[in-house]
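Please treat every number below as a calculation from the coordinates, not as lab data. Since the structure is predicted, the reported quantities are computational estimates derived from the model, not experimental observations. So basically every Cβ, Gly included, is an ideal-geometry build from the backbone, and we count neighbours across all protein chains shown.
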Amino acid sequence: MIATLLAFTLHAQPAAPPAPKFDAGKAWDHLRQLVAIGPRPSGSAAIEQTRKYIKNQMDAFGLAVTEQAWDEQTPIDKIHLVNLSVVIPGARKERIVFAGHYDTKLFRDFRFVGASDGASSAAFLIELARVLKTRKSPYTIELLFLDGEEARLPEWNGTDNTYGSRHYVEAAKHDGSIGSLKAMILVDMIGDRDLDIRRDANSTPWLTDIIWATAKHQDLDDYFLADSTRIEDDHLPFLSAGVPSVDIIDLDYDAWHTAKDNLDAVSARSLQVVGDVVLGSLPAIEAHLIKQSQLALVRKTTLKRRGGSRKEYTIRLIAHRRHKKLSAVSHQLSN
Ligand SMILES: [Zn+2]
């Protein structure tokens, strides 16, 4: 009788629905619609339209959008900037941030629609929101659409760039939320039809290692190359604030900052590759963070109680894990 009941209970438990997969068809549709808006530089009516598009998509997913708006004096003008943040609660309050910029660089002498440089990252984050909104995540997920990544002047100099990320990090330091950001994954220019993503020497090594190992495991190392370069982008303010961060960017792009950065230069396949690698990496990133937090906890108690050595703390960690395993077993038995 007990066995029958047990079997019944086990069978009656519905299996967790599989997490939806990244759908490059959907991401491509967003990219196309963003490009159709036309040039979308910070402070323009077109970028306001872009925000409206992003907010409409989030509305459709039932996700709330928080606006972080401010005015900024740039070398050429004073502009109104807005970061958009979407939070998907997880088991812990600490966050993993996925970020990308949605502005396009200002060019007055030609029509720049930024299919890879601006549209690909925004389209990617919209599709990521759809995939992650129903996922049972151990960490809270934040999708961060950054304004003002591009320099207002033709050249990238000084503080005339990364306006959105610098503002976000300053505000997070001010309100104390910076400590809750455990990892930041930045995507930028990921639409290139001929996708070549190199490791970035400025990025946090453990995060980079996880992502590149995932790409290799998925047979996608033709796109995630082993050689490295050094990139200045929206991840730098986060790194300076001590947040582990990685930039996934293909700057090896002939159409970069030219009129040719249009739909012909990008592909849905490239968005799929990055979607598969980023989502495939997430469990390992979460596992790494959980392990780090456990180590920090054990280290804290050990130091408090004994002023202990590294060896002692390792022993305590093993004991801690055994205890957890045992209590998990006894919990199962008692059920
Ligand atoms: Zn750019």
Extension gain (nm, one decimal) between residue 222 and residue 91, 0.36 nm per residue minus Cα-Cα: 43.6 nm
Simple SL model, points at 7 angstrom along Cα→Cβ for residue 287 and residue 229; separation in nm is 3.1 nm
Any of 182/304; 93/173; 136/216; 105/173; 136/300 with alpha carbons more than 19 Å apart? Name them for me. 182/304; 136/216; 105/173; 136/300
Qualifying aspartates and glutamates (Cα of each under 12 Å from Cα of residue 21; at least 8 residues distant if same chain): 127, 276
Along the dipole axis of the chain (charges at Cβ: +1 for Lys and Arg, -1 for Asp and Glu; origin at the Cα centre), the most positive-end residue among 30, 81, 68 is 68
Toy charge model, Lys and Arg Cβ at +1, Asp and Glu Cβ at -1: the range 194-284 dipole around Cα centroid in debye, rounded to 20, equals 260 debye
Antiparallel DSSP bridges in the range 20-289: what percent, to the nearest 5? 40 percent
Which residue, 81, 297, 207, has the most motion in a Gaussian network model of the chain that connects Cα atoms within less than 10 Å? 297
For the range 124-236, what does the convex hull of the Cα positions come to per residue, in cubic angstrom? 146 Å³
Here, residue 66 and residue 49, labelled 7 Å along Cα→Cβ, have an inter-label distance in nm of 3.0 nm
Here, the chain modelled as identical Cα point scatterers in vacuum has Debye log10 I(q)/I(0) at q = 0.06, 0.07, 0.11, 0.15 Å⁻¹ of -0.25, -0.33, -0.75, -1.24
Expressed as a whole number of Å, what is the distance separating the alpha-carbon centroids of the range 183-261 and the range 78-139? 15 Å
Going by average Cβ neighbours within 10 Å, how do the peptides 179-192, 209-222, 111-124, 270-283 rank, with the highest at the top? 111-124, 179-192, 270-283, 209-222
Calculated from DSSP H runs of 4 or more alone, at -39500 (n - 2.57) each and per residue, what is the 222 nm mean residue ellipticity of the chain, nearest 500? -15000 deg cm²/dmol
Let me check against my output: what whole-number percent is the relative contact order of the chain, with C-alpha pairs under 8 Å and at least 6 apart? 18 percent
Efficiency of FRET from Cβ geometry, residue 201 and residue 294, R₀ 41 Å, rounded to 0.05: 0.90
Got a sec? How would 110, 224 order by Cβ neighbour count within 10 Å, fewest to most? 110, 224
Prolate/oblate/rounded call for the range 60-214, Cα gyration tensor, a/c under 1.5 rounded: prolate
